[in-house]
1. How much of the pair distance distribution for the chain lies past 21 Å, counting alpha-carbon pairs only, in percent?
2. Please report the carbon-and-sulfur percent of the accessible area for the chain; probe 1.4 Å, protein heavy atoms only, DNA, RNA and ligands left out.
3. Sum -39500 (n - 2.57) across every DSSP H segment of at least 4 residues in the chain, then divide by the residue count to get the 222 nm mean residue ellipticity, nearest 500.
4. Determine how many Å³ per residue the convex hull of the Cα atoms of the range 46-92 encloses.
5. With a cut-off of 8 Å between alpha carbons and a minimum separation of six or more residues, what is the relative contact order of the chain in percent?
6. Which whole-Hz couplings ³J(HN,Hα) result when phi for each residue of the range 9-23 is put into the Karplus expression 6.51 cos²θ - 1.76 cosθ + 1.60, θ = phi - 60°, listed in order with x for Gly and Pro?
7. Return, for the Cα atoms of the range 1-55, the radius of gyration and Dmax in Å, separated by a comma.
8. Which order do Thr57, Thr95, Thr78, Thr15 take when ranked by solvent-accessible area (1.4 Å probe, heavy atoms of all protein chains), largest first?
Amino acid sequence: MKAPERIETARLVLTRPSAGDAQAIFDRYAGDPEVTRYVGWPRHRSVDDTRGFIQITEAEWQRAPAGVYVISSRANGTLVGSTGLGFETPFRASTGYVLAKDAWGLGYAT
């Protein structure tokens, strides 16, 4: 069974990343040294790094029941971060999230 490719909450929309998201992902959080300071992956040095990340997420979605989601504001469509599931086994997954600086403190991850 596959997870839905789109999840909506009252304030957010989570979608499977696409190639068209690369620049926004890089600009909003993946290329920001402060945002990526404590994440488990290296900061993206260019939008090409982000394009490679999107290819990896596509492979994960093909292999596993779910993968990475980009998080956007339902109010204005602005990309605010990402989250998702990384499957270690068919029955065990890890999760995490990263948010752009201007999305910090807004209660998205409480």
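The values are calculated or read from the model by the stated rules, or taken from the named source; none is laboratory data. Only a predicted model underlies this, so the values are computations on that prediction, with no experimental measurement involved. Protein only, heavy atoms only, side chains kept; ligands, DNA and RNA dropped before computing areas. Shrake-Rupley method; radii C 1.70, N 1.55, O 1.52, S 1.80 Å.
1. Value for the chain: 32 percent of Cα pairs lie more than 21 Å apart.
2. 55
3. Helix-only estimate at 222 nm: -5500 deg cm²/dmol.
4. Each residue corresponds to 90 Å³ of Cα convex hull volume.
5. For the chain, the relative contact order is 26 percent.
6. After applying 6.51 cos²θ - 1.76 cosθ + 1.60, I find 10, 4, 10, 10, 10, 9, 9, 5, x, 10, 4, x, 8, 4, 5 Hz.
7. 12.8, 37
8. Thr95, Thr78, Thr15, Thr57
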